[in-house]
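As structure tokens, the structure follows; a few thoughts come after it.
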Amino acid sequence: WFAMTADIRILVVDDSFAERELISEAAYEFGAGVSVMTVDTPDAAELAITSFNPDFVLIDLHLGRWNGRQLLPRLTGRSGNVILSTAQDQQESALCLAAGALGFWVKPIRFDAYAEFFSRIRQLPRVK
């Protein structure tokens, strides 16, 4: 995982090494005051919630044999705000929002979109 001294902590749950690296790189380049921890499984995410205490959690909807939506109830109320990343599936996105996700991103996500996210994240409400 990648971390730096920060006032905003983001946990990334994604089974794609490339996505985790892209988010970490964007946080390093554009996310002054943002710390990112990346994990690749739901079990690792649950451990990270306790140890890292994130303000935001970004979850990939398709985590190998897991569906990111299945992870939502395990994290809701323990992790602050949850944002899903997904393919263009409006029905699944609606189910995730109903299950407690703050919002969702449509993949593939470009590097500059992460830059915009890190510049806007301070304006998002944090719930813990």
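Within the range 19-50, work out how many residues are free of Cβ contacts under 8 Å to residues at least 60 places away in the same chain and open to solvent by 70 Å² or more (accessible area, probe 1.4 Å).
Number of matching residues: 7.
When the residues of the range 105-126 are narrowed to those that are open to solvent by less than 90 Å² (accessible area, probe 1.4 Å) and not in a helix (DSSP H, G or I), which ends up modelled with the lowest pLDDT?
Among residues in the range 105-126 that are open to solvent by less than 90 Å² (accessible area, probe 1.4 Å) and not in a helix (DSSP H, G or I), the one modelled with the lowest pLDDT is P125.
For the range 51-68, what are the residues that are crowded, with 19+ Cβ neighbours inside 10 Å and either of a type in the set (S, T, N, Q) or in contact with an Asp or Glu (Cβ under 7 Å, 6 or more places away or on another chain) (or both)?
D60, L61, L63, G68 - these are the residues of the range 51-68 that are crowded, with 19+ Cβ neighbours inside 10 Å and either of a type in the set (S, T, N, Q) or in contact with an Asp or Glu (Cβ under 7 Å, 6 or more places away or on another chain) (or both).
Please specify each residue of the range 11-45 satisfying the condition of being touching an Asp or Glu at 6+ places or on another chain (Cβ under 6 Å) and not small (G, A, S).
Scanning the range 11-45 gives D14, D15, R20, D40.
Counting only residues that are at pLDDT 80 or above, give me the helices (runs of 4 or more DSSP H) lying completely in the range 1-103 with at least 2 of them.
Correct list: 17-30, 42-52, 90-98.
The values are calculated or read from the model by the stated rules, or taken from the named source; none is laboratory data. All of these numbers come straight from a predicted model, not from anything done at the bench. When we count neighbours, we look across all protein chains shown, and the Cβ atoms used for this are built from the backbone with ideal geometry, even at glycine. Just so you know, the surface numbers come from the protein's heavy atoms only, side chains and all, with ligands and any DNA or RNA stripped out. Shrake-Rupley method; radii C 1.70, N 1.55, O 1.52, S 1.80 Å.
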